[in-house]
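Below is one structure, written out as structure tokens, with a few remarks after it.
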Amino acid sequence: MSNLEITDRPCIVVATNGHVWIAKSVKQDSAWLHCTDARIINTWGTTKGLNQLVDGPTKDTVIDAPAPVVSIAGIALIAVIPCNSAGWAKTFSS
């Protein structure tokens, strides 16, 4: 597993068993992906799939309360999707 660090924009993180988060930033070490200010995306609220959220949540997107850090085992990681910071600004300003 190569190291990944995205600190300049939020990321959608997809893991096994249907877990999907939006995180303010992500940083990977040899075995774990650490997501800061991570929130479960409970309901996507999209009409065109998960990638529609790259530009921010829709009016129907439901996001859970934040956790300061969520660490995901590398073996459980499916995808990290960098997002548009401006589109997610309201989510991370509260």
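When the Karplus curve 6.51 cos²θ - 1.76 cosθ + 1.60 is applied with θ = phi - 60°, which whole-Hz ³J(HN,Hα) does each residue of the range 77-90 get, with x for Gly and Pro?
7, 9, 7, 10, 10, x, 10, 6, 4, 4, x, 9, 4, 5
Would you mind getting me the FRET efficiency between THR16 and SER85? Use the beta-carbon distance for r and R0 = 22 Å, nearest 0.05.
0.20
Given 0.36 nm per residue, what is the gain on full extension from SER93 to ILE40 after removing their alpha carbon distance, in nm?
17.4 nm
Suppose only helical runs count, i.e. DSSP H with n ≥ 4. What mean residue ellipticity at 222 nm does that imply for the chain under -39500 (n - 2.57) per run, divided by all residues and rounded to the nearest 500 deg cm²/dmol?
So the calculated ellipticity at 222 nm is -2500 deg cm²/dmol.
Under a cut-off of 15 Å between alpha-carbon atoms, report the aspartates and glutamates in cross-link reach of LYS24, not counting same-chain residues fewer than 8 places apart.
GLU5, ASP8, ASP37, ASP55, ASP64
Ranked highest first by average number of other Cβ atoms within 10 Å, how do 22-34, 67-79 line up?
So the order, starting with the most tightly packed, is 22-34, 67-79.
Calculate one ³J(HN,Hα) per residue across the range 58-64 by plugging θ = phi - 60° into the Karplus curve 6.51 cos²θ - 1.76 cosθ + 1.60, and present them in order as whole Hz with x for glycine and proline.
Result, ordered by residue: 8, 5, 9, 6, 10, 10, 6 Hz.
Run through the range 40-94 and list the trypsin sites (Lys or Arg not before Pro) located in a DSSP loop whose Cβ has at most 14 other Cβ atoms within 10 Å.
LYS48, LYS59
Candidates [x] 0.99; [y] 1.27; [z] 1.09; which is the computed Cα Rg over 2.2 N^0.38 Å?
Comparing each candidate, only [x] matches the computed number.
Would you mind ranking THR91, THR47, THR16 so that the residue whose beta carbon has the fewest other beta carbons within 10 Å leads the list?
By the 10 Å Cβ count, ascending: THR47, THR16, THR91.
Here, each number is a calculation from the coordinates, and none is a lab measurement. Just so we're clear, the structure is a prediction, and the values are computed from it rather than from any experiment. Here the Cβ is made from the backbone with ideal geometry for all residues, glycine too, and neighbour counts use every protein chain on show.
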